[in-house]
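Before I ask anything, here is the structure I am working with.
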Amino acid sequence: MRFEGKCMQCSMLEGGVAELRLDLQADSVNKFNRDTLAELTEAVALIKAEPGVRGLLVTSGKDCFVVGADVTEFLAYFKYPEEQLTRWLLQVDQLLSSIEDFDFPTVAAINGFAFGGGLEFALAASYRVMADDTRIGVPETKLGIFPGWGGTVRLSRLAGADNAIEWIASGEQYGADAAFKLGIVDAVVAPGQVRAAALDLLGQAMAGRRDWRARRLEKVSPLKLNAAESMMAFEGAKAFVAAKAGPNYPAPVAAIEAMQKGAGLGRDAALAIEAAAFARMARTPTAFNLVGIFLGDHAVAKAARKVARAGNPVRAAAVLGAGIMGGGIAFQSALKGTPIVMKDIQEPALQLGLAEADKLLVRRVEQGRLTPAGMAAVLNRIRPTLGYGDFGDIDLAVEAVVENEQVKQSVLAELEGQVRPDAILASNTSTISITRLAEALKRPENFCGMHFFNPVPRMPLVEVIRGRRSSERAVATVVGYALAMGKTPIVVNDCPGFLINRILFPYFAGFILLVNEGVDFRRIDQVMERFGWPMGPAYLLDVVGIDTARHADAVMGRAYPDRMGHAGKTAIEAMFERQRFGQKNGKGFYAYLPDKKGAPRKEADPAALEILAGLAGQGAPAAVTDQDIVDRMMLPMIIESSRCLEDRIVNTPVELDIGLVYGLGFPPFRGGALRYADATGLQALCRTAEKHWSLGQLYEPTAQMLQLAQTGSTFYEEK
C-alpha cells in the first residue's frame, strides 16, 4: 500500500505498521483544509482496506504537527445554514471516529504545535507522544466558537470534565508537562526522538503490552460522573466562566453546555450534540467578527512583512527619554533580543526607566514565563546612559521625550548629529506632525513616526507614520523593528492625530457634548462598557491622563475645528483646572486608591459631579436613552474612520479596524468600527446621524458613507 498526495503520504513499514505522514506541500505548516480532509478520507479508506496493517503511526513532515483548521475557509463554512454546517461537522467526526475505531492501535507523534483541529485529530489516536518543546491547545473560543471535531467529547473523557472545561474555555496553549499530567498525552520525549518513541509505543500496543482497546473504550463511553458530580462540575463552571467571559462572548459557556448534555452519552451521540451546538455558535455575529479579526491580523502582518523587506536590519537600537514610556520601549526591545541604549538627561529618569523594565521582568519570572537567568540577559541588553558615547553603532533611534514640538525638534536635530548618516530616526509622538518635525533635520528622508501605545508591553499596535519626506527605507526599517519587537505595525500617512487619535477624539467630542447636556458621565461609562468597551470614556480619560488628553484635545481641535473644536469649557478642561489629572495623581472623573496589590481602584467621587455641575450649558439632564448614548458616541468614530479612508490615511478597512482593536481596545466581538458599521447598516447609520445634525459636523456622514448607503454596499465589500 502506498498513497502519495499533496497533503500527506502513507506507506507500509516493517512489521505491519502503516505510517501516515502529514506534509502539506502548498504551505510551510500542516493545516486541515478541504484538500487535506479529502486526502485524509482517501488515505483512511486505503489503510482500512489493507489486510496487512497491524498498527498506524501518524507523523508530520514539517516542524509542527498540525496548526489547526484553515481559518481562511471558516467564514465560507459559517455562511452555511445550521443544518448543513452540522452535517459537514458530523462527516469530519465520522472520519476521525473511523481512525479511532480501527481494529488495531494508532499512535500520533506530536511535534512543534498541535492546535484546534490538529489536537482533535491527535485525540482520535489510541496514544499520543509529544516533544517536550511542543505546545498544544484548543484556542477556538478566542474565535467565538469551540472545538467542533470531537474536542469537547474526547478531551473531557481523557482529562476529566474540570480540566477539559479549563482548556476549552480559556483557549490557552499548554506545554508537555501539563498535557502529560492530565493524561492528554502518554509520553514526553526530546524533540528529535518523537517518531522513534511513538513507533516504540505502537510496537508495545501491537504486542499486547498496552491495552489500547481499554483506552478506546474510555473515549467512546459516557463520562464517569454521577448526578451530583456532574452538577458540581458543569453548573459551577458555567457560572464562573459566564461571569469571566461576559455576555458578549457566549462560546465558552456553550461549550460547557455541550459537554454537559453529552456527558451521560456515548461518543457518537455526544458528537451530534457538539456539532449542533458548534453550528449555532458559528452563525453568531461574535464568531464572524472574531474570525474576521484573526484573518485581519494575518493580513496586516503579511503586509508588514512585505514592507519590511525594503528596510535595513536593526541590530542595535536606542530610545531617548526614559521614564515609563522609554522604559517600556527599552524593555520590549531587549526582551525580543535587540540591544538598546536608553538615554536621558537626568539620572533619576534613567533609574525610573530601569525600574520599569525590572518590574516587568520580575512579573514574568513570578508568572513562570521567564527564568532569573533570562531576566538577567534581558537587563544586560539595556544600556542606560546620560551621553551619546554609545550611539555610533545605532541602527535606529526612537525619540520618546515630552510631547512638545519645539523640544522634540531640538532633540531630534541633536540626535541626528550623533548617529551614522544612514541611521534611521523615529519619533514616538501621538499627535505632532511628522512632516513638521522633519523640518529640523538635515536628512528628513531618514525619519518617520513610530507611535507606541501605553503600556508598551501590553498594547500590540505600533503606528508607523510616513511623513512627506520619509523614504521607503526609513518606513520599512521601522516596520521591521516593530515586527522584531513582537508588535503589529500599521503604516499610516501623516495628519494630526495620525489614525488612532484622529478617530478617538471625535468619540471624546461626543462624550463632551453629552456631559455638557447634563448626562451623568458615570451613566455614559456604564452604557459604553455594556456596549463592549473595556472602560467607558471618562474612565479612559483618567487612565490616559487628563493633562495628556487636554493637550491632545487642543491639538485636534486646532486641526479639525469644524468637528473637534469646542465652544466653552469642556469637562476635560474643568478637571485639568482643578488639577485632577486622573490615575496619575489619584483623582479625575473618579477617585483612585490603591488596592491590595497596589493597583489603582476606581471609586465614585462627589467632587467630580460638583465640578461638572458648573459647566456652561449644564442644566437638567437631557432626555436621552441608552441607545442615544451609544449612537452619539459611536457615530463620530465611524464617520471619522470613513474620513481616514477617504483621505488615504490608511489603505484598507481591515488595517483601520485592527488598529482600533489593538490600539484602543475597540470591542473585538464587534470587529472594529467599520465592521460594526457594516453590521448596523450604512442606511440605518445615515438616518440616525440625520437626527443629530443640529449638533454639527461631528455627526455629518461622509460622501463615502452616503454612497455606500445609497447602493446598499458595505465598507468591506464595496460594489
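Every number here is computed from the coordinates shown, using simple stated rules; none is lab data. Small disclaimer: the values here were computed from a predicted structure and weren't measured. Note that we place each Cβ from the backbone using ideal geometry, even for glycine, and neighbour counts take in every protein chain shown.
If I take R0 = 56 Å and measure r between the Cβ atoms of LYS569 and ALA76 in this structure, what FRET efficiency does the formula 1/(1 + (r/R0)^6) give, to the nearest 0.05?
With a Förster radius of 56 Å, E is 0.55.
Something else now. Would you work out if region 434-517 is rounded, prolate or oblate? Take a ≥ b ≥ c from the square roots of the eigenvalues of the alpha-carbon gyration tensor; rounded if a/c is under 1.5, else prolate when a/b is larger than b/c, oblate otherwise.
Oblate, since a/c reaches 1.5 and b/c is not below a/b.
Which shape class, rounded, prolate or oblate, goes with region 2-283 when its Cα gyration tensor gives a ≥ b ≥ c as root eigenvalues, a/c under 1.5 marks rounded, and past that a/b bigger than b/c marks prolate?
Here region 2-283 falls in the prolate category.
Here is a further query. Treating the angle as unsigned and between 0 and 90°, give the value, to the nearest 10°, between the Cα long axis of helix 521-531 and the longest Cα principal axis of the chain.
Taking Cα atoms only, the helix is inclined about 30 degrees.
Here is a follow-up. Using the charge dipole of the chain (Lys, Arg: +1 at Cβ; Asp, Glu: -1 at Cβ; taken about the Cα centre), state which of ALA304, GLN367, PHE240 has its Cα farthest towards the positive end.
GLN367
Rounded if a/c is under 1.5, else prolate if a/b is larger than b/c, else oblate: which is region 1-100, with a ≥ b ≥ c the root eigenvalues of its Cα gyration tensor?
Oblate, because a/c is 1.5 or more while a/b does not exceed b/c.
Quote the FRET efficiency, to the nearest 0.05, computed for GLN25 versus ALA376 with a Förster distance R0 of 35 Å and r equal to the Cβ-Cβ distance.
Efficiency for this residue pair is about 0.20.
Separation between the ALA245 and ALA45 pseudo-spin-labels, each 7 Å from Cα along Cα→Cβ, expressed in nm?
The two pseudo-label positions are separated by 3.7 nm.
What lysines does LYS569 reach when the alpha-carbon gap must be under 23 Å and sequence neighbours fewer than 8 apart in one chain are set aside?
LYS584, LYS587
Taking the square root of 5 times each eigenvalue of the Cα gyration tensor, what semi-axes in Å does the equivalent ellipsoid of the chain have, largest first?
49, 32, 24
Using a Förster radius of 35 Å, what is the FRET efficiency between ARG523 and ARG458 based on their Cβ-Cβ separation? Nearest 0.05, please.
Using R0 = 35 Å, I get an efficiency of 0.80.
Another question, if that's okay. With +1 on the Cβ of every Lys and Arg and -1 on the Cβ of every Asp and Glu, and nothing else charged, how large is the dipole of the chain about its Cα centre, in debye rounded to the nearest 20?
That gives the chain a dipole magnitude of about 520 debye.
Let me ask something additional. Between VAL630 and LYS306, what is 0.36 nm times their sequence separation minus the Cα-Cα distance? Round to one decimal in nm.
Additional length available on full extension: 112.8 nm.
If you don't mind, there's one more thing I want to ask. Which one, VAL492, ALA673, LEU57, is farthest towards the positive end of the dipole of the chain when Lys and Arg carry +1 and Asp and Glu -1 on their Cβ?
LEU57
Another question, then. List the residues, sorted by chain then number, that are 5 or more residues from ARG210 or on another chain and whose placed amide H is less than 5 Å from its amide H.
Excluding prolines and chain starts, which carry no amide H, the hits are ALA205.
Pop a pseudo-label 7 angstrom from the Cα along the beta-carbon direction at both GLU445 and VAL220 and give the gap in nm to one decimal.
Modelled inter-label distance: 7.1 nm.
With a point put 7 Å past each Cα toward its Cβ, work out how far ARG420 is from GLN84 in nm, to one decimal.
Modelled inter-label distance: 5.8 nm.
Can you compute the helix-only [θ] at 222 nm over the chain? Use -39500 (n - 2.57) per DSSP H run of at least 4 residues, normalise by all residues, nearest 500 deg cm²/dmol.
-15500 deg cm²/dmol
Ranked highest first by average number of other Cβ atoms within 10 Å, how do 313-325, 37-49 line up? Show your work: numbers first, answer last.
Details: 313-325: 21.9, 37-49: 16.5.
Highest mean packing first, the order is 313-325, 37-49.
For helix 472-484, what angle does its Cα long axis make with the longest principal axis of the chain, in degrees from 0 to 90 and rounded to 10?
50
Filter the cross-link list LYS343/LYS597; LYS31/LYS306; LYS79/LYS244 down to pairs whose alpha-carbon distance in this structure exceeds 26 Å. Numbers along the way, then the final one.
Numbers: LYS343/LYS597 31 Å; LYS31/LYS306 23 Å; LYS79/LYS244 29 Å.
In this structure, LYS343/LYS597; LYS79/LYS244 exceed 26 Å between Cα atoms.
Place a label point 7 angstrom from the Cα of LEU386 along the Cα-to-Cβ direction, then list the residues of region 317-336 whose backbone nitrogen is under 20 Å away.
What the label zone holds, given the 20 Å backbone N cut-off, is 319-324, 326-327.
I've got another one for you. Stretched out fully, how many nm does the piece from GLU603 to ARG34 gain, at 0.36 nm a residue minus the Cα gap?
Contour length minus Cα-Cα distance gives 199.5 nm.
I need the fraction of alpha carbon pairs in region 501-711 separated by more than 26 Å, rounded to a whole percent. Spell out each step's value before the answer.
On the way: 7235 of 22155 pairs.
Taking all Cα-Cα pairs of region 501-711, the fraction more than 26 Å apart is 33 percent.
Just subtract the alpha-carbon distance of ALA269 and VAL365 from 0.36 nm times their residue separation and send over the number in nm, one decimal. If you can, show how the numbers build up before the last one.
Values: separation 96, 0.36 × 96 = 34.56 nm, distance 4.50 nm.
Here the answer is 30.1 nm.
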